[in-house]
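Report on the following structure.
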Amino acid sequence: MEFIITSHGNIAIGFVDALKMFFGDNLNCHGVTLGDAGIEEFRENIEKIVSQVKNQEVMVFADLIGGTPFNEFAKRSEVFQNEFQLLGGMNLGILIEAVNLRLQGKNSDDIIENLRNMNTIACLADMQRHTNEEDE
């Protein structure tokens, strides 16, 4: 299974680098970014990566639901010959969990189910309140 991480700016490349730090270099994770070079270069980069992975099972993680990176991959969803999933609203915690689940042999449906059940944000005040309740 191939993972494509796409974003406005270089955050996708940063996430790929962080994942390599946690899991090593052989991850089948690709970063595609929309930067200052503009939409045409972004589209060309998408076409390059799609041509490489279109016969594989692919999960695309985009920074924003409905943003340009998300929308450009959605337009190409018919090109993929195998299972294709497009998710928006990624963060590093979700990506770490997705890679970990993939390494455990989970398929894309199982990964998505697990990601939907994740609590992806925590506030210090909530954590302190929970700790205090446990101490009582």
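If a residue must be in contact with a helix residue (DSSP H, G or I) (Cβ under 7 Å, 6 or more places away or on another chain), among the aliphatic types (A, V, I, L, M) and over 19 Å from Val58 (Cβ atoms), how many such residues does segment 1-38 contain?
Result for segment 1-38: 1.
If Thr120 passes every condition in (1) out of contact with any Gly (no Cβ under 6 Å at 6 or more places or on another chain); (2) open to solvent by 40 Å² or more (accessible area, probe 1.4 Å); (3) assigned to a loop (DSSP other than H, G, I, E, B) but one, which one does it miss?
(1)
If you check every pair at least six apart or on different chains, which have Cβ atoms under 8 Å apart with a residue in segment 46-68 that is under 23 Å from Ile96 (Cα atoms) first and a residue that is open to solvent by 70 Å² or more (accessible area, probe 1.4 Å) and in a strand (DSSP E or B) second?
So the pair list comes out as Asp63/His8; Leu64/His8; Gly67/His8.
Quick one: is Phe73 closer than 11 Å to Met59 by Cα and free of Cβ contacts under 8 Å to residues at least 40 places away in the same chain? Walk me through it before giving the result.
Values: closer than 11 Å to Met59 by Cα: yes; free of Cβ contacts under 8 Å to residues at least 40 places away in the same chain: no.
So Phe73 fails the test.
For Glu136, which of the numbered conditions (1) closer than 28 Å to Gly9 by Cα; (2) exposed (fewer than 12 other Cβ atoms within 10 Å of the Cβ); (3) modelled with pLDDT under 95 fails to hold?
Here Glu136 clears every test but (1).
Could you check segment 21-73 and list, in sequence order, the residues that are more than 14 Å from the chain's Cα centre (by Cα) and hydrophobic (A, V, I, L, M, F, W, C)?
Met21, Phe22, Phe23, Leu34, Ala37, Ile39, Phe42, Ile46, Ile49, Val50, Val53
State yes or no: is Asn119 more than 23 Å from Ile11 (Cα to Cα) and modelled with pLDDT under 95?
When the stated conditions are applied, Asn119 does not pass them.
The values are calculated or read from the model by the stated rules, or taken from the named source; none is laboratory data. The structure presented is a predicted model; accordingly, all values stated were derived computationally and were not measured. For neighbour counting, all protein chains shown are included, and Cβ atoms are generated from backbone atoms with ideal geometry for every residue, glycine included. Just so you know, the surface numbers come from the protein's heavy atoms only, side chains and all, with ligands and any DNA or RNA stripped out. Shrake-Rupley method; radii C 1.70, N 1.55, O 1.52, S 1.80 Å.
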